[in-house]
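Scroll down for the structure; my scribbles are underneath it.
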Amino acid sequence: MANIKVLVVDDEFSIRQMIVMSLQSNGYDVVEAEDANSAKAMIVDDRPDLVLLDWMMPGMSGLDFARWLRKNDLTADLPIIMLTAKVEEDYRIQGLEAGVDDYLPKPFSVRELNARMKAVLRRTNPQVAEKNLQADGLVLNPVSKRVTVNGQDVSLGPTEYRLLEFLMTNQDRAYTRSYLLDRVWGGNVYIEDRTVDVHVRRLRKALEAFSCDHLIQTVRGTGYRFSQKTPV
């Protein structure tokens, strides 16, 4: 999700870093704050597209900060996902009544967080969440699930489509086969790493007819990347 800025507000450094690193690996532009006061300054200086907000923080709690954001005209429509260990129904209701768009109990998986973020962005800011991915005439439309090259349709299977979408979202980054399996196939799927090679070959073959197969590059000793740059 390139060009989408996410503000992570959490006073626990280890949790904040885990979230930041996982979001960056998925192509998000991420900024972080350890408390509500720091977050306020960041929002004023450079408004994010979405806020991930911890409930329990020193000073102003995440719940009070969410209420503050909703009362401020400049941030009243800013998407918020509350992250908290408070899982009881009463707490979820309090969070939703404070105006948060979603409520994710800790601990949570990175895959679920990413899915929830996409869902919130689709509801609150479709133009941001559904921006086309483009490179050298190759266009991937995440809304229609359509891939074209200079207006001509490229026929891809569902796995090849997901693989291309992930790589285009994270251009110029090399990924191992095991990492691609986790991100594209899912962490609970147990298949061999070489399965990635099979689908990369299929993807390249589909793009070859449009002279775009060079965009899927093999990184020797690592795996694969999507890049418009000529390999050294």
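Points worth noting:
- Here the condition is being over 24 Å from Leu23 (Cα atoms) and of a type in the set (S, T, N, Q); of Thr124, Thr195, Thr222, Thr159, it holds for Thr195 alone.
- Criterion violated by Gly59 - all others in (1) among the small types (Gly, Ala, Ser); (2) loosely packed, with under 15 Cβ neighbours inside 10 Å; (3) on the phi < 0 side of the Ramachandran plot satisfied: (3)
- The single condition among (1) charged (D, E, K, R); (2) farther than 27 Å from Asp29 by Cα; (3) in a helix (DSSP H, G or I); (4) touching a helix residue (DSSP H, G or I) at 6+ places or on another chain (Cβ under 6 Å) that Asp197 does not satisfy is (4).
- When Tyr103 is tested against (1) assigned to a strand (DSSP E or B); (2) at pLDDT 90 or above; (3) of a type in the set (Ser, Thr, Tyr), just one condition goes unmet, and that condition is (2).
- Taken together, the residues in region 116-167 that are in a helix (DSSP H, G or I), over 15 Å from the mean Cα position of the chain (by Cα) and among the β-branched types (Val, Ile, Thr) amount to 2.
- Within region 69-98, the residues that satisfy the criterion of being closer than 12 Å to Val51 by Cβ and crowded, with 16+ Cβ neighbours inside 10 Å are Leu69, Thr75, Leu78, Pro79, Ile80, Ile81, Met82, Leu83.
- Enumeration of residues in region 61-91 that are of a type in the set (A, V, I, L, M), assigned to a loop (DSSP other than H, G, I, E, B) and under 19 Å from Asp35 (Cβ atoms): Leu78, Ala85
The values are calculated or read from the model by the stated rules, or taken from the named source; none is laboratory data. This one's a predicted model, so the numbers in the text were calculated from it and none came from an experiment. Quick reminder, even Gly has a Cβ in these numbers, built from the backbone with ideal geometry, and neighbours come from all protein chains shown.
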